[in-house]
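> Please find one structure pasted underneath; my questions will follow.
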Amino acid sequence: GSISIPGNLDVNSINTYTKLITAESDFGTPVGDFYVLADGVNYRIQGTVAMNYGLSMGAGCSLCGDGLNAILSFDETLRDCQIKSVLGQQVLMSDLTIINGGGRFSGSNTLGLFDCTDIDTATGVAPFYGRSKRFYLNNVATFKVYNIGFVKGFGTISVNNCFWNGGAGLSGQPESYYTNYGISFQGGLSCEFNNNKLVLWRGLYFTTTE
């Protein structure tokens, strides 16, 4: 048999565990400078989503693209935009392009797109200090992110098939237009990096006399 549905079907949630994102408002209401993602939910990005706020990861949630044209495009005209996680939260992202973000509003070299921590040296028990979660990026492309950011701790860091495009080489653009700072990994228990590519960062494009 068949099912006939008159008109257009507008679906933004497949089930309790999967939420479709086609516009920034689908993330809900921002808290401070961030949309707070719900625990255990897979957020599927469709098309280009223009973002004016950062994302704060929930426990066991994930971000992935639904198709080859899935893009999160951050506008930092009013604030810095980051992807943030704290102890006990995994960072799971795949099949996604991220444009801009990473601290261009403030121009800070201590603030980046990724601000992710899974380690507790103050109260955690040696030798692991709470490091039990995954930082996982697969087939994630970044373009013109000002500062890629900082990843501290994690039981497993897995970054594969990612493309880090700094955006340099376009005539007439100021230095702040490009990726100015890279990504720092510190204190992970295990690390895996395969088939990643880096091109056209500010440091790879501009000559210097320093």
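> Among Asn69, Asn42, which is the only one that is under 17 Å from the mean Cα position of the chain (by Cα) and modelled with pLDDT under 95?
From the options Asn69, Asn42, the qualifying one is Asn69.
> Go through the stretch 133-163 and report how many residues are open to solvent by less than 20 Å² (accessible area, probe 1.4 Å), among the hydrophobic types (A, V, I, L, M, F, W, C) and farther than 14 Å from Thr117 by Cα.
Residues in the stretch 133-163 being open to solvent by less than 20 Å² (accessible area, probe 1.4 Å), among the hydrophobic types (A, V, I, L, M, F, W, C) and farther than 14 Å from Thr117 by Cα: 6 in total.
> In the stretch 125-166, which residues are charged (D, E, K, R) and in contact (Cβ under 8 Å) with a residue 40 or more places away in the chain?
Residues satisfying the conditions are Arg131, Lys133, Arg134, Lys144.
> Also, I was wondering about something else. State which residue pairs qualify: first residue under 13 Å from Gly182 (Cα atoms) and charged (D, E, K, R) and inside the stretch 103-116, second residue assigned to a loop (DSSP other than H, G, I, E, B) and modelled with pLDDT of 95 or more in any location, beta carbons under 9 Å apart, and separation of 6 or more residues or different chains.
Close Cβ pairs satisfying both conditions: Asp115/Gln82.
> Which of the residues that make up the stretch 195-205 are at pLDDT 90 or above and within 18 Å of the chain's Cα centre (by Cα)?
Within the stretch 195-205, Asn196, Lys197 meet the criteria.
> Then there is this: Among the candidates Ser176, Ser158, which residue alone is small (Gly, Ala, Ser), within 26 Å of Ser73 (Cβ to Cβ) and either at pLDDT 90 or above or touching a strand residue (DSSP E or B) at 6+ places or on another chain (Cβ under 8 Å) (or both)?
Sole residue among the options that is small (Gly, Ala, Ser), within 26 Å of Ser73 (Cβ to Cβ) and either at pLDDT 90 or above or touching a strand residue (DSSP E or B) at 6+ places or on another chain (Cβ under 8 Å) (or both): Ser158.
> Looking at Ala126 and the list (1) open to solvent by 30 Å² or more (accessible area, probe 1.4 Å); (2) closer than 19 Å to Gly32 by Cα; (3) part of a loop (DSSP other than H, G, I, E, B), which single condition is not satisfied?
(2)
> Oh, and also: Quick one: how many residues across the stretch 98-115 are open to solvent by 20 Å² or more (accessible area, probe 1.4 Å) and not aromatic (Phe, Trp, Tyr)?
Count: 10.
The values are calculated or read from the model by the stated rules, or taken from the named source; none is laboratory data. These figures come from a predicted structure and were not determined experimentally. Cβ coordinates were reconstructed from backbone atoms using ideal geometry, including for glycine residues, and neighbour counts include every protein chain displayed. Just so you know, the surface numbers come from the protein's heavy atoms only, side chains and all, with ligands and any DNA or RNA stripped out. Shrake-Rupley method; radii C 1.70, N 1.55, O 1.52, S 1.80 Å.
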